[in-house]
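Following: one structure in structure tokens, then a few remarks.
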Amino acid sequence: MAENPQLYGNGMPVPFHGEMFVLARDGVEFHVDKIPSAPGGHAKTKGTIYLSNIRMVFVASKPVGNFFAFDMPLLYVHGEKFNQPIFQCNNVSGFVEPVVPDSQNRALYSTHTFKILFKEGGCGTFVPLFLNLITSVRRYNQFEAQSAAAPRMDPLQAAQTPVDEMMRHAYVDPNDPTKIFLQQPAPESQLRRRNYNAPADNAY
């Protein structure tokens, strides 16, 4: 994970080189723990989830403390589950390993627990696309979920995963307000990111 990734003024995440956004889902509630900038270390807020071939990014509608966005590399997510509780709303839960800066000690960073709750509309488009994409990313990168102690691979390796066919054949649930990007959203600028530990630069 990476807390507060770079965003454009409209809230879209600044993309990495080779990144393709698959969908955006408004009106979700997001919970995540071990956030130093959030009150009590736990962030719970509403906003939008962006899913790409590299990562899932939650962007809050309103900041919680200094927390306004959360970046989850797909290769660092594990233990993901789709939950359908009887008396609560459908949700996706899981764990994500931290993106540790090159100069930092991995032992200083903890695994995060996250939950995405679908309180506004269905999730019949989002959930299958998310689960299929994360499965494809792992298969394409010959990846199995790693333990917290294992050496981490570059999260940008996921960009090699082909997603065009998956998007074209995605099931569209009329009750799910998820927006699928059949064309990439027009960027506000040519800024692109090269890695998780450096700011964006110009694409040209």
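The values are calculated or read from the model by the stated rules, or taken from the named source; none is laboratory data. Here the structure is a predicted model, which is why all the values come from computation and not from measurement. For neighbour counting, all protein chains shown are included, and Cβ atoms are generated from backbone atoms with ideal geometry for every residue, glycine included. Each accessible area value is taken on the protein alone, full model and side chains, heavy atoms only, with ligands, DNA and RNA left out. Shrake-Rupley method; radii C 1.70, N 1.55, O 1.52, S 1.80 Å.
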Answer with yes or no whether Val64 is farther than 20 Å from Phe181 by Cα and surrounded by fewer than 21 Cβ atoms within 10 Å (Cβ to Cβ). yes
Filtering region 21-47 down to residues that are over 22 Å from Leu131 (Cβ atoms) and touching a Ser or Thr at 6+ places or on another chain (Cβ under 6 Å), which residue is least open to solvent (accessible area, probe 1.4 Å)? Asp33
Which of the residues belonging to region 115-139 are β-branched (Val, Ile, Thr), in contact (Cβ under 8 Å) with a residue 60 or more places away in the chain and under 23 Å from Asp33 (Cα atoms)? Ile116, Ile134
Given (1) open to solvent by 20 Å² or more (accessible area, probe 1.4 Å); (2) at pLDDT 90 or above, identify the lone condition not met by Val57. (1)
Just to be sure, is Ser103 assigned to a loop (DSSP other than H, G, I, E, B), of a type in the set (S, T, N, Q) and farther than 21 Å from Val172 by Cα? yes
Looking at Gly18, Gly11, can you tell me which residue is open to solvent by 10 Å² or more (accessible area, probe 1.4 Å), touching a strand residue (DSSP E or B) at 6+ places or on another chain (Cβ under 7 Å) and outside any strand (DSSP E or B)? Gly11
In region 100-123, the residues that are exposed (fewer than 15 other Cβ atoms within 10 Å of the Cβ) and out of contact with any strand residue (DSSP E or B) (no Cβ under 7 Å at 6 or more places or on another chain): Pro101, Asp102, Ser103, Gln104, Asn105, Arg106, Ala107, Leu108, Ser110
Subset of region 111-140, residues more than 18 Å from Ala69 (Cα to Cα) and assigned to a loop (DSSP other than H, G, I, E, B), comes to Lys119, Glu120, Gly121, Gly122, Cys123, Gly124, Thr125
Evaluate the following for Val172: is it more than 22 Å from Pro36 (Cα to Cα), open to solvent by 40 Å² or more (accessible area, probe 1.4 Å) and not polar (S, T, N, Q)? yes
Scan region 185-193 and give yes if some residue there is modelled with pLDDT of 70 or more, touching a helix residue (DSSP H, G or I) at 6+ places or on another chain (Cβ under 7 Å) and not in a strand (DSSP E or B), otherwise no. no
